[in-house]
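Visitor: Please see the structure below; I have some questions.
The values are calculated or read from the model by the stated rules, or taken from the named source; none is laboratory data. It should be emphasised that the depicted structure is a prediction, and the values quoted were computed from it without experimental measurement. Backbone-built Cβ (ideal geometry, glycine too); neighbour counts: all protein chains shown. What goes into the accessible areas is simple: the full protein's heavy atoms, side chains included, and nothing from ligands, DNA or RNA. Shrake-Rupley method; radii C 1.70, N 1.55, O 1.52, S 1.80 Å.
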Amino acid sequence: MYRRLDPERMPQHVAIIMDGNGRWAGKRSLKRFFGHQQGAEAVQYVVETASRVGLPWLTLYAFSLENNLKRPRTEVNFLMRLLKSYLTNNVQRMNDNNVRIQYVGRTEELPEEVRERMRYAEEATRKNTGTTLTLALNYGARSELVDAFRRLVADVQRKGLCPEQITELDIHRYLYTAHMPDPDLLIRTSGEMRVSNFLLWQIAYTEIFVTERLWPDFRGIHMLEAIEDYQRRERRYGGLSDGTESDDVESLPANQMVV
Ligand code: FPP
């Protein structure tokens, strides 16, 4: 294990918004495609590091639903080809590293030849017990919520339940990620301070780490540095930190009141 990490405080789930492939290529006067190609290499390095340090869940935002609509057709086609070859060429390495692959998103809308490769990689790595790599493909958090609510409402109607009976746990159970823990740490590359419609429900209490590094330059060591930073933080889950008391406004002298 990377010696600066505390094995007692390892995150269970790290999610990454991989961004900056286009800028990486632009800085080198290369076509965007090269950035994506290098980005796919970076994916594998990071996955193998995750497996080496025993991270149970790693989720990567590979293709957003919105982005796929906005990118030029040729670029989307290239990304699909890249994904297909990634899934074909890395299955052996996934197995060597005990990595299981799965997907979230409206994957049914992806081209059939991509879905065929997805099924192949999922099936071939199904028995692995190390890191679960989840690729978010054609994913958008709001559409995930729409999909969840559609199924939830249908079940509520079918079972004749009343709306008051719906709990947060029920909503969680209808998400694509129902079987996964929420991310402890969300990393975003290339410096943007946005969550870009990624896992909105699930990141309610997630720690966020933004790095200026562009995704094609991101390696396992950078993920470990982000985890190290995460381990230095005190998580509060919406509560107050230990040792402080809640502000009892009633007991404060009027001149100390901050409104
Ligand atoms: C954003 O770069 C990144 C993506 C398109 C998502 C990540 C995709 C890959 C790493 C390619 C292959 C993926 C797999 C799983 C094999 P951008 O084009 O938005 O960069 P920019 O903001 O600099 O233009």
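Visitor: Which residues, taken from the range 13-22, are touching a helix residue (DSSP H, G or I) at 6+ places or on another chain (Cβ under 8 Å) and either more than 7 Å from the ligand (Cβ to nearest atom) or open to solvent by 100 Å² or more (accessible area, probe 1.4 Å) (or both)?
Guide: Val14, Ile16
Visitor: Check Thr59 against each of (1) within 14 Å of the ligand (Cβ to nearest atom); (2) assigned to a helix (DSSP H, G or I); (3) under 19 Å from the mean Cα position of the chain (by Cα) and name the one condition it does not meet.
Guide: All conditions are met except number (2).
Visitor: Taking into account only those residues within the range 35-52 that are more than 10 Å from the ligand (Cβ to nearest atom) and surrounded by fewer than 17 Cβ atoms within 10 Å (Cβ to Cβ), which is nearest to Arg213 (Cα to Cα)?
Guide: Tyr45
Visitor: Quick check: is even one residue across the range 96-106 open to solvent by less than 70 Å² (accessible area, probe 1.4 Å) and assigned to a helix (DSSP H, G or I)?
Guide: No: zero hits.
Visitor: How many of the residues in the range 143-171 are open to solvent by less than 20 Å² (accessible area, probe 1.4 Å) and more than 30 Å from Gln44 (Cα to Cα)?
Guide: Residues of the range 143-171 open to solvent by less than 20 Å² (accessible area, probe 1.4 Å): 143-144, 148, 152.
After this cut, where a residue has to be more than 30 Å from Gln44 (Cα to Cα) as well, the list is 148, 152.
Number of matching residues: 2.
Visitor: Just a yes or no: is a residue in the range 5-12 surrounded by fewer than 18 Cβ atoms within 10 Å (Cβ to Cβ), touching a strand residue (DSSP E or B) at 6+ places or on another chain (Cβ under 7 Å), polar (S, T, N, Q) and at pLDDT 95 or above?
Guide: yes
Visitor: Name the pairs whose Cβ atoms lie under 8 Å apart, with the first residue in the range 169-181 and within 20 Å of Pro56 (Cβ to Cβ) and at pLDDT 95 or above, the second surrounded by fewer than 17 Cβ atoms within 10 Å (Cβ to Cβ) and acidic (Asp, Glu), and 6 or more positions between them or separate chains?
Guide: Tyr176/Asp147
Visitor: Since Lys31 meets every condition but one in (1) away from the ligand (no atom under 11 Å from the Cβ); (2) out of contact with any helix residue (DSSP H, G or I) (no Cβ under 7 Å at 6 or more places or on another chain), which condition does it not meet?
Guide: (2)
Visitor: Picking from Leu87, Leu79, which residue would you name as being crowded, with 20+ Cβ neighbours inside 10 Å, closer than 25 Å to Asn128 by Cβ and in contact (Cβ under 8 Å) with a residue 12 or more places away in the chain?
Guide: Being crowded, with 20+ Cβ neighbours inside 10 Å, closer than 25 Å to Asn128 by Cβ and in contact (Cβ under 8 Å) with a residue 12 or more places away in the chain holds for just one of Leu87, Leu79, which is Leu87.
Visitor: Answer yes if at least one residue in the range 64-74 is within 12 Å of the ligand (Cβ to nearest atom), more than 24 Å from Arg232 (Cβ to Cβ), in a strand (DSSP E or B) and in contact (Cβ under 8 Å) with a residue 24 or more places away in the chain, and no otherwise. Steps first, please.
Guide: Initially, the range 64-74 is screened for residues within 12 Å of the ligand (Cβ to nearest atom), giving 64, 66-68, 70-72.
Now drop any that are not more than 24 Å from Arg232 (Cβ to Cβ), which leaves 64, 66-68, 70-72.
Retained after the next criterion (residues that are in a strand (DSSP E or B)): 64.
Then drop every residue that is not in contact (Cβ under 8 Å) with a residue 24 or more places away in the chain, which leaves 64.
Yes - at least one qualifying residue is present in the range 64-74.
Visitor: Taking the condition touching a Pro at 6+ places or on another chain (Cβ under 7 Å) and either among the aliphatic types (A, V, I, L, M) or more than 30 Å from Gly54 (Cβ to Cβ) (or both), does Leu224 pass?
Guide: In short, no.
Visitor: A further question on this structure: Please count how many residues of the range 123-142 are in a helix (DSSP H, G or I) and buried (at least 16 other Cβ atoms within 10 Å of the Cβ).
Guide: Residues flagged as in a helix (DSSP H, G or I) and buried (at least 16 other Cβ atoms within 10 Å of the Cβ) within the range 123-142 amount to 2.
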